[in-house]
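What follows is a short report on a single structure.
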Amino acid sequence: MAQLTYLEAIRDGLQAEMRRDNTVFVIGEDIGVYGGAFGITKGFLEEFGPWRVIDAPLAETANVGASVGAAVMGMRPVVEMQFGDFVTDAMTQVVHMAAKFHWRTRHPLPLVIRMPYGGDVKGGPFHSQCMEAWFVHTPGLKVVAPAFAEDAKGLLIAAIRDPNPVMYFEHKHLYRYRREEVPDGEFVTPIGRARIVREGTAVSLFSYGWMLHKCLQAAEQVAPEGIATEVVDLRSLLPLDRDAILSSARKTSKALIVHEATRTGGVGAEVAALIAEEAFDALDGPVVRLASEDTPVPHSPVLEAAFQPQVAEIAEAIRRLAAY
Amino acid sequence: MGAIRVASTTNETLTSNDLLEMLYYMRLQRAVEDRGIKLYYQGLIPGAYFTGWGHEAIVVGATYALAPEDLIAPMHRDLAAYIMRGIPVRRVFAQFLDREGGLSWGRDGNVHMGDPRLGVFPFISHMAASVPVAAGMALACRQRGETRVVMTFFGDGATSTGAWHEGVNFAAVFHLPVVLILENNQYAYTTPLDRQTAANALVDKAPGYGIPGVAVDGNDVWAVFAAAREAVARARRGEGPTLIECRTMRVRGHSEADRYSYVPKALLDEWAARDPIALFERRLRDDGVLAPEADRAMQERIAQEIEEGLAWAEASPEPDPESVAEGVYAEPDEV
């Protein structure tokens with residue numbers, strides 16, 4: 001076990017796969033000589049050379065499109081979006097070319113798009129968004145969003161080995177959040193499995209990414225009041241771990257979903273619908289969502305704090321639900 | 001005839017067999033598409049139907065310049081290219097009819113077809129979207145030290161898209177083995193060329209990417225072949241992409257639902273008199289390459305292939321409704 005940051009865990013997983021499999025390559029803007037805007041691929045150019053660590057033009061359509069082409073040929077590209085927000089410039093390639101490819105051809109398309117996303121980095125409306133719901137609404141893609149360093153590594157390795165296009169959402173605020181234990185060498189966090197991070201009996205809290213950590217703090221806050229909160233890290237957003245979600249909801253009879261993405265049409269709506277459809281008989285209160293305001297992400301730290309769900313609000317929502 | 005041979009990269013001229021094979025594929029495209037038009041008007045083809053009427057010289061001339069190991073990403077007017085790279089006529093008809101025997105098992109229709117196993121990347125509706133993909137296929141060849149070439153096809157309208165710009169630029173920056181076949185048929189649906197570009201000629205865009213560009217008569221299969229052969233050789237030598245603007249005219253509607261009343265009649269008449277198949281036939285007859293007997297045999301062979309292929313397609317079942325949710329994802333052991 002090594003003590004790694006989330007960022008180092010991503011690097012560790014990527015490097016391990018590139019060493020293991022020479023069809024794996026990385027492509028993106030400023031990732032070679034400079035090592036990437038966040039330094040994920042620092043040292044890669046020296047180790048793997050310019051045809052496996054490709055400093056690409058400022059052109060997301062070309063970089064994703066070329067990765068689709070390379071993947072069709074049996075390579076395993078990992079594309080870095082410098083900021084996940086920039087993926088809008090590649091949407092045709094992601095949503096039409098990549099997502100529909102197997103369905104149209106019965107031919108695998110192993111492709112990972114790394115999506116540095118999320119707020120609390122003073123990034124404003126074009127560098128802080130959580131766009132995962134767009135891709136969850138796209139059959140043919142898989143969508144993962146690790147909250148811990150261990151899963152950052154394990155899910156990245158799983159994504160690279162998957163024969164389908166995977167949108168890998170890595171939260172920028174978690175990059176250097178803290179150090180955590182991460183297993184050495186190769187290991188895989190299976191896509192499609194949630195994890196119970198904290199066991200409880202009163203309320204089930206479903207979240208992912210940076211918000212998952214706020215949920216844990218909120219659960220800690222209400223614990224002295226005798227409220228035992230179960231915190232479930234979804235980890236995989238497409239496919240969702242239906243069994244884990246339903247079994248936790250049935251266990252506590254109360255469900256609260258928290259995400260940083262804006263509320264309307266978010267992943268929380270899907271989780272809420274699933275619980276309402278499949279576990280209605282077990283519920284003892286409304287299924288509740290806490291999410292960011294339905295606005296663009298504001299730049300001012302004061303406004304951004306008001307935009308995102310905060311620990312106190314989550315704690316309050318837990319209390320309200322527990323009281324039912 | 002039969003399998004495609006490697007085109008010479010030197011001064012070797014085309015043999016009589018080569019010329020007859022090219023004519024065969026041009027006629028085959030026309031014949032399959034004409035049969036398709038009948039099926040369409042009989043209401044047997046779901047959705048839209050597109051042809052490459054008038055494009056046959058571009059499609060066949062360019063594709064004929066490729067070696068067997070090369071790759072293509074064609075568009076919606078390139079039927080012969082699919083067939084020349086190994087897709088059987090029967091599966092094309094089954095694709096038109098949305099049958100289980102089609103190239104997408106009823107998942108997608110008309111010319112949205114391909115087969116990655118044959119090195120034919122399937123077209124999608126978004127124009128020029130295949131251009132960056134073709135660059136990536138070439139990138140993979142370059143990464144693995146293979147000397148294969150990727151040829152991609154697109155229209156005049158496609159050159160206005162961001163995808164085209166990004167794809168061409170990407171291929172140029174990395175000197176990738178890509179051949180860019182521009183099928184300039186002067187109209188993108190109803191939009192004429194002067195609404196696509198203020199450039200004097202589309203080929204003038206090439207120097208902006210630092211790549212050579214050449215314009216050829218797109219109705220002269222020999223001229224297209226010669227330009228493509230040179231571009232393929234250049235790509236194979238590691239010298240990067242070439243843009244070949246093949247000038248022609250779309251002599252039918254964008255799709256069969258389009259009556260193309262917006263195209264001046266004089267323009268249509270001018271190009272109807274320059275039909276690429278008729279031009280090539282005349283030349284081959286004048287040169288004594290196309291003897292009456294061989295001509296008849298070729299026509300009969302094509303007619304038989306059409307009938308057999310269509311019969312096979314019509315016998316192919318409709319997709320199973322129970323299978324509707326299948327195939328969205330590849331399984332882990334799928335390679």
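The values are calculated or read from the model by the stated rules, or taken from the named source; none is laboratory data. Quantities reported herein were computed from a predicted structural model and do not represent experimental measurements. Because the Cβ atoms are built from the backbone with ideal geometry, glycine has one as well, and the counts that use them run over all protein chains shown.
Could you say whether any residue in the range A:163-173 is more than 18 Å from A:Ile113 (Cβ to Cβ) and modelled with pLDDT of 95 or more? Within the range A:163-173, one or more residues are more than 18 Å from A:Ile113 (Cβ to Cβ) and modelled with pLDDT of 95 or more. Within the range B:128-140, how many residues turn out to be without any contact (Cβ under 8 Å) to a residue 40 or more places away in the chain and at the interface with chain A (Cβ under 7 Å from one of its Cβ atoms)? Selection size over the range B:128-140: 5. For the range B:286-335, residues that are more than 14 Å from every other protein chain (Cβ to nearest Cβ), farther than 19 Å from B:Leu103 by Cα and not in a helix (DSSP H, G or I) total 5.
Among the residues of the range A:19-36 satisfying the criterion of being assigned to a loop (DSSP other than H, G, I, E, B) and surrounded by fewer than 15 Cβ atoms within 10 Å (Cβ to Cβ), which is farthest from the other protein chains (Cβ to nearest Cβ)?
Of all residues in the range A:19-36, those assigned to a loop (DSSP other than H, G, I, E, B) come to A:21-23, A:29-36.
Narrowing the set further to residues that are surrounded by fewer than 15 Cβ atoms within 10 Å (Cβ to Cβ) leaves A:21-22, A:33-34.
Working: A:Asp21: 13, A:Asn22: 9, A:Val33: 15, A:Tyr34: 17 Å.
My answer is A:Tyr34.
Confirm whether B:Ser125 is among the hydroxyl-bearing types (Ser, Thr, Tyr), assigned to a loop (DSSP other than H, G, I, E, B), within 13 Å of chain A (Cβ to nearest Cβ) and within 17 Å of B:Gly167 (Cβ to Cβ). Yes.
The set of residues in the range B:249-278 that are under 25 Å from B:Val216 (Cβ atoms) and basic (Lys, Arg) comprises B:Arg250, B:Arg252, B:Arg274.
For A:Ile196, indicate whether it is within 14 Å of chain B (Cβ to nearest Cβ) and at pLDDT 95 or above. No, not satisfied.
Every residue, every condition in (1) modelled with pLDDT of 95 or more; (2) over 25 Å from A:Tyr208 (Cα atoms); (3) more than 14 Å from chain B (Cβ to nearest Cβ), yes or no:
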site: A:Met97; (1), (2), (3): yes, yes, no
site: A:His102; (1), (2), (3): yes, yes, no
site: A:Arg114; (1), (2), (3): yes, no, yes
site: A:Lys122; (1), (2), (3): no, no, yes
site: A:Cys130; (1), (2), (3): yes, no, yes
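Pull out all pairs, ordered by first then second residue, where Cβ-Cβ is under 6 Å, the residues are six or more apart or on different chains, the first lies in the range A:271-295 and is basic (Lys, Arg), and the second is outside any helix (DSSP H, G or I). That search, which allows pairs on different chains as well, returns A:Arg289/A:Ile257.
Assess whether A:Pro286 counts as being over 24 Å from the mean Cα position of the chain (by Cα) and not hydrophobic (A, V, I, L, M, F, W, C). Show your work before the answer.
On the way: over 24 Å from the mean Cα position of the chain (by Cα): yes; not hydrophobic (A, V, I, L, M, F, W, C): yes.
Here the answer is yes, as A:Pro286 does meet what is asked.
What helices (runs of 4 or more DSSP H), lying completely within the range B:23-103, carry at least 2 residues that are touching a Pro at 6+ places or on another chain (Cβ under 8 Å)?
By residue number, B:56-63, B:79-84.
Within the range B:107-121, being facing chain A (nearest Cβ under 10 Å), in a loop (DSSP other than H, G, I, E, B) and either closer than 24 Å to B:Ala138 by Cβ or of a type in the set (Gly, Ala, Ser) (or both) holds for B:His112, B:Met113, B:Gly114, B:Gly119, B:Phe121.
Residues in the range A:250-306 that are among the aliphatic types (A, V, I, L, M) and part of a loop (DSSP other than H, G, I, E, B) were compared, and the one that is surrounded by the fewest Cβ atoms within 10 Å (Cβ to Cβ) is A:Leu283.
Can you tell me which residue is farthest from the other protein chains (Cβ to nearest Cβ) among those in the range A:182-193 that are modelled with pLDDT of 95 or more and touching a Gly at 6+ places or on another chain (Cβ under 6 Å)? Here the answer is A:Thr189.
Please find, within the range A:141-181, the residue that is farthest from A:Val258 (Cα to Cα) out of those that are among the charged types (D, E, K, R) and within 14 Å of chain B (Cβ to nearest Cβ).
Start the filter on the range A:141-181 by keeping residues that are among the charged types (D, E, K, R), which leaves A:142, A:150-151, A:153, A:161-162, A:170, A:172, A:176, A:178-181.
Filter once more, keeping what is within 14 Å of chain B (Cβ to nearest Cβ): A:142, A:161-162.
Values: A:Lys142: 20, A:Arg161: 29, A:Asp162: 28 Å.
In this case the residue turns out to be A:Arg161.
Limited to the range A:56-84, what total is found for residues that are surrounded by fewer than 22 Cβ atoms within 10 Å (Cβ to Cβ) and at the interface with chain B (Cβ under 10 Å from one of its Cβ atoms)? Matching residues across the range A:56-84 total 3.
Name the one entry in A:Pro108, A:Pro50 that is over 21 Å from A:Met131 (Cα atoms), in contact with a His (Cβ under 7 Å, 6 or more places away or on another chain), modelled with pLDDT of 95 or more and within 12 Å of chain B (Cβ to nearest Cβ).
On the way: A:Pro50 fails: in contact with a His (Cβ under 7 Å, 6 or more places away or on another chain).
After ruling out the rest, the residue left standing is A:Pro108.
Does A:Phe25 satisfy the criteria of being touching a Pro at 6+ places or on another chain (Cβ under 7 Å) and within 20 Å of A:His171 (Cβ to Cβ)? So A:Phe25 does not fit the description; no.
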